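Taking it in order: structure first as C-alpha cells, then the write-up.
Nothing in this text is a laboratory measurement; each read-out follows from the coordinates by a stated rule. Values in this document were obtained by computation on a predicted structure and should not be read as measured data. Counting neighbours? That spans all protein chains shown, and the Cβs are built from the backbone with ideal geometry, glycine included.
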Amino acid sequence: MAARRFSSLLSRSLSAPLSSYFSGSASLLNSIGRNPGRWGNINRFSSATAAEELITPAVQISYTQHLINGQFVDAASGKSFPTYDPRTGEVIAHIAEGDAEDINRAVSAARKAFDEGPWPKMTAYERSRILLRFADLVEKHNDELAALETWNNGKPYLQAAQSEVPMFVRLFHYYAGWADKIHGLTVPADGNYHVQTLHEPIGVAGQIIPWNFPLLMFAWKVGPALACGNTIVLKTAEQTPLTALYVAKLFHEAGLPPGVLNIVSGYGPTAGAALASHMDVDKIAFTGSTETGKVVLELAAKSNLKPVTLELGGKSPFIICEDAEIDHAVELAHFALFFNQGQCCCAGSRTFVHERVYDEFLEKAKARALRRVVGDPFKNGVEQGPQIDSEQFEKVLRYIRSGIESKATLECGGERIGSKGYFIQPTVFSNVQDDMLIAKDEIFGPVQSILKFKDIDEVIKRANATRYGLAAGVFTRSLETANTLTRGLRAGTVWVNCFDVFDAAIPFGGYKMSGIGREKGIYSLHNYLQVKAVVSPLKNPAWL
C-alpha cells in the first residue's frame, strides 16, 4: 500500500494540498469524514453514537502474560487485571498483573542477557539485521496490530493501519540503520598521549510507555535502546498492554535473544515504581504526565541515581496570524487539537487568533467541529473515537464544566455522546482568558480553547506564560513573522504551517516541565550510551 511508505504521523501542511499526503483512490482526509456524501450513514457528534452497532474486530487476543527471558509467563502473584474496550467499557481480556517481584525477575533476565548474553557482543551489523527482520514481520502483521490498537485504545482504525503501524516500521528501519554507525572519536590532547572515546551501551534500560500511542511509544524507546546494544525491561500502560505483547513475540521470531527485551504489564504505583527505583536498572525512560514524571525522577534519584529521560505534558500554543488563509488555518488548528481524540501531549490546545480574523475563524472553527464525525473507530469515515477510559472521560467533562463556570463561551459540544462507552462531543470554547483552567491545564481531550491576541510581542509573551514547553504551531504567510515566532517561542518543536510532523529523524522533547532529553533522531541515541575516555602514552610518536 502506497500510504504505508508515508514517514510522518498524519501530518498537515499549508504548503501542499491536504489530500496529497496519501496516494490512492481517496485521500486519508476524505476517508476520515470531510466528504459527507460518502459516509452519510455515519452519526455526527450530536447523535447517540454508542447506540450504533459496533464492529467486532477480527483479531485474536493471544498474548496476555508477561514476557520475561524470552517466555510468556504468569505474574508471580497469579493476579491479573482487566483491559477494556473504550467503545463500551467492557472487558476485552485479563492481563497478568505485574508487581515488584515480576520486575525483579525481568531485571534479572535483562541483566544476565547484558552481562553474559550474545546481544552486546554481537556485531552491530547482526543487531541491525535482527531489527530489520522484526520491522518486516510487523509490516506483515499490519492489519492485526492496527485492529488491536484500535480495540484497546479507541483511535480510528484507519489512523492506526495507514499511519501509525507504518511509522512504527519506519522507526525500526531508521534505528537498524544506526546500529553499525555508532562509534567514538580520536581526540587530540596536549602531550604524548593517544586518546580515544568509546560509546558503550548503558546496560539495562527501564522504559515506561503511555496509553495514547502504545505502538509508537514502544518504537521511540525500544528502537534506540536496542540499536545501541542495551537490554530492556518495558512496562506497558495498564490501559493498553495488547500491542506491545504482540510485537514482542514478533521480535523473538526475528531472532532477538532471550532476556534482551522483557515486558511487564501492571500499574504505576507497583510495577512502575519498582522499575524506576530498581538498583540494577541503569537508565529510565518515561513518557506520561508531568506529575508522574516527577515521581519517576525522584525514585530514580533516591535509588542508584540512574539517568532519566522524560517526555511529559504540554499546553501547546497554535498561533493564527492576521495574514492567515482562514480556511486552511481552521482545518490545521482543528487537526492540531482534535487528532487522536485530543489525547496528544503536543496538541495545539491554546488556539491564539489575531483579533482581525478572530470572528471569521471562530465561526468556521465551530462549523468544522460540528461536522466532526464521532463513532465506532472501526467504521470508515469516523474521525473521532472514545476517550481511553472512564477516568479520562470524567476528567475531560470536569474541565468542560470548569470552562463554563469560568465564563468562557461554549460554542458547541460540551456533553457526552450516548450512554455507553467514553464518547465526548467535539467542544469549542471562545472568549477564553489566560487564567482559566482550560487555558492553563493539559485537558487531554477534544476541547478547543480559542483566545484573541493583538500583536506578535503579546502573543509570544502569553504563549510562553506556561509551565510547559513541548511544542507550538505557527500559521502565517510571512517568513519574517515565522522567524520571529520560532525563535521567540520556548518549545522543543515549532511547526510552521504544519502540525504533528513526526518523521523518524526529527527529535522530539520539551522545555521546562515538558521533559528532559530528546527522543527520535540521532539525539535519542545519546540516552542509551555511555562515553568512556581511553588514554594511553605514546613513546616517540611520529606526530601528535
(request) Output the peptides 314-321, 431-438 sorted from most to least packed, where packing is the average of other Cβ atoms within 10 Å over each peptide's residues. (result) 314-321, 431-438
(message) As a test of the formula, what do you get for the chain when each DSSP H run with n ≥ 4 contributes -39,500 (n - 2.57) and the sum is divided by the residue count, at 222 nm and rounded to the nearest 500 deg cm²/dmol?
(response) -10000 deg cm²/dmol
(request) Compute the Kirkwood hydrodynamic radius of the stretch 220-315, taking the inverse of the mean of 1/r over all pairs of distinct Cα atoms, and give it in Å to one decimal. (result) 14.1
(message) Students often check this: by mean Cβ neighbours within 10 Å, which of 210-218, 536-544 ranks highest, and how do the rest follow?
(response) 210-218, 536-544
(message) Run through the stretch 87-148 and list the trypsin sites (Lys or Arg not before Pro) located in a DSSP loop whose Cβ has at most 16 other Cβ atoms within 10 Å.
(response) 121
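Using the per-residue mean of other Cβ atoms lying within 10 Å as a proxy for protection, in what order, highest first, do the peptides 442-452, 246-256 fall?
My ranking of the peptides, most packed first, is 442-452, 246-256.
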(request) Between residue 483 and residue 194, take the C-beta separation as r, use R0 = 45 Å, and let me know the FRET efficiency to the nearest 0.05. (result) 0.50
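Taking a cut-off of 15 Å, what percent of all Cα-Cα pairs in the stretch 118-169 are separated by more than that?
Values: 687 of 1326 pairs.
Distances greater than 15 Å cover 52 percent of the Cα pairs.
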(request) Mind checking which lysines have their Cα closer than 27 Å to the Cα of residue 379? Skip sequence neighbours fewer than 8 apart in that chain. (result) 140, 155, 364, 366, 395, 420
(request) Place a +1 charge on the Cβ of each Lys and Arg in the chain and a -1 charge on the Cβ of each Asp and Glu, then give the dipole magnitude about the Cα centre in debye, rounded to the nearest 20. (result) 640
(request) Treating the Cα atoms of the stretch 223-264 as identical point scatterers in vacuum, please give the log10 of the normalised Debye intensity I(q)/I(0) at q = 0.18, 0.23, 0.27, 0.33 Å⁻¹, two decimals. (result) -0.51, -0.81, -1.05, -1.26
(request) Just the Kirkwood number for the stretch 146-224, please: inverse of mean 1/r across all distinct Cα pairs, in Å, one decimal. (result) 15.5
(request) Would you calculate the separation in nanometres between label points at residue 409 and residue 125, each defined as 7 Å from the Cα along the Cα-to-beta-carbon direction? (result) 6.7
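Provide the FRET efficiency to the nearest 0.05 for the residue 60-residue 101 pair, computing r from the beta carbons and using R0 = 22 Å.
Taking R0 as 22 Å, the efficiency between residue 60 and residue 101 is 0.15.
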(message) Could you work out the pair-distance distribution P(r) of the stretch 400-544 from its alpha-carbon pairs, with 10 angstrom bin width and percents rounded to whole numbers?
(response) 9, 26, 28, 18, 8, 5, 3, 2, 0
(request) Report the calculated FRET efficiency for residue 391 and residue 533 (r = Cβ-Cβ distance, R0 = 45 Å), to the nearest 0.05. (result) 0.40
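Per residue, how big is the convex hull around the C-alpha atoms of the stretch 480-534? Give it to me in cubic angstrom, could you?
124
As an exercise, identify the GluC sites (Glu not before Pro) in the stretch 458-544 lying in DSSP coil whose Cβ has no more than 11 other Cβ atoms within 10 Å.
Answer in residue order: no site qualifies.
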(request) Provide the convex hull volume over Cα atoms per residue for the stretch 198-273, in Å³. (result) 88
(request) Positive end of the charge dipole of the chain (Lys, Arg +1 and Asp, Glu -1 on Cβ, about the Cα centre): tell me which of 192, 92, 54 has its Cα farthest that way. (result) 192
(request) Pull out the extension gain between residue 543 and residue 325, defined as 0.36 nm times the separation in residues minus the alpha carbon to alpha carbon distance; nm, one decimal. (result) 72.2 nm
(request) Take the Cα pairs of the stretch 283-406, get the Kirkwood Rh, then feed it into Stokes-Einstein at 37 °C and 0.692 mPa s and tell me D in µm²/s. (result) 192
(request) Of the DSSP beta bridges with both residues in the chain, give the percent that are antiparallel, rounding to the nearest 5. (result) 45
(request) Can you check what the Kirkwood hydrodynamic radius comes to for the chain, Cα pairs only, in Å to one decimal? (result) 24.1
(request) Rounded to the nearest Å, what's the spacing between the alpha carbon centres of the stretch 462-524 and the stretch 384-459? Just the number, please. (result) 22
